[in-house]
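Bear in mind these aren't lab numbers, they're just calculated from the coordinates by the rules spelled out. If you're wondering where the values come from, they're calculated on a predicted model, not measured in any experiment. Virtual Cβ from ideal backbone geometry, glycine too; neighbours counted across all protein chains shown.
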Amino acid sequence: MSILTFAGTTPDKPAIIAAETGDAVDFATLNSTSMRLARVLRNSLDEGARVAMLMENVAAAYTAAWACRRAGLRCVPVNWHLSRDEAAYIVSNSDARALIVSPGLAALACDLAGLVPNLTMLLVAGEAFDRFASLD
């Protein structure tokens, strides 16, 4: 079954509960936010393009991952515990065209944006900063 099915049958049921923060996202919200982000990604990236995700264990990571899947893009998870150079190596060698980050990783995200010239889209799951536009 897909998120769309659950959003239609049990829209208020929690789809994600983040253990660290207790944040919950219901199926209706996950469906609508991931569809909206998928449209944005699809309008800017070619099908099959890679999207690097540098995110902590937050609910927005699932929204971003589902959006990539819906848009026909390849998601490249980047462990947020890596050093700047290690993360830059993964993002660069994956040929990622977009980078989606969580707000707590702003410093590392700005470093990566400067080190990887192929990134054409920079997004943050929270308030915009530097060259990163907000997913909201």
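Miscellaneous remarks
- Crossing angle, helix 84-93 versus the chain [Cα axis fit, 0-90 degrees, rounded to tens]: 80 degrees
- In segment 3-134 the Cα-Cα distances spread across 5 Å bins starting at 0 as 2, 12, 21, 22, 20, 13, 7, 3, 1, 0 percent of all pairs.
- Net charge of neighbours whose Cβ lies under 12 Å from the Cβ of Ser94, counting Lys and Arg as +1 and Asp and Glu as -1: +2
- 222 nm mean residue ellipticity, helices alone, for the chain (DSSP H n ≥ 4; -39,500 (n - 2.57); rounded to 500): -13000 deg cm²/dmol
- On Cα atoms only, tilt of 106-115 relative to the major axis of the chain in degrees: 50 degrees
- Cα coordinate range in segment 57-136, projected on the principal axes (Å, largest first): 29, 25, 23
- Top of Thr120, Thr21, Thr29 by mean-square fluctuation, Gaussian network on the chain, Cα under 10 Å: Thr21
- Computed FRET value (nearest 0.05) for Thr9 with Glu127, which takes r as the C-beta separation and R₀ as 41 Å: 0.75
- Cysteines not pairable in the chain (beta carbon separation under 4.7 Å absent): Cys110
- Cβ-placed point charges (K, R +1; D, E -1), dipole of the chain about Cα centre in debye, nearest 20: 500 debye
- Cα→Cβ-extended label distance, 7 Å offset, between Arg74 and Ser2, nm: 2.3 nm
- For the pair Asn118 and Ser134, label points projected 7 Å from Cα toward Cβ lie 3.1 nm apart.
- Dipole of the chain [Lys/Arg +1, Asp/Glu -1 at C-beta], most positive-end residue of Ile17, Ser83, Ser44: Ser44
- On Cα atoms only, tilt of 27-44 relative to the major axis of the chain in degrees: 40 degrees
- The magnitude of the dipole of segment 77-136, with charges of +1 and -1 set on the Cβ of Lys/Arg and Asp/Glu and taken from the Cα centre, is near 100 debye.
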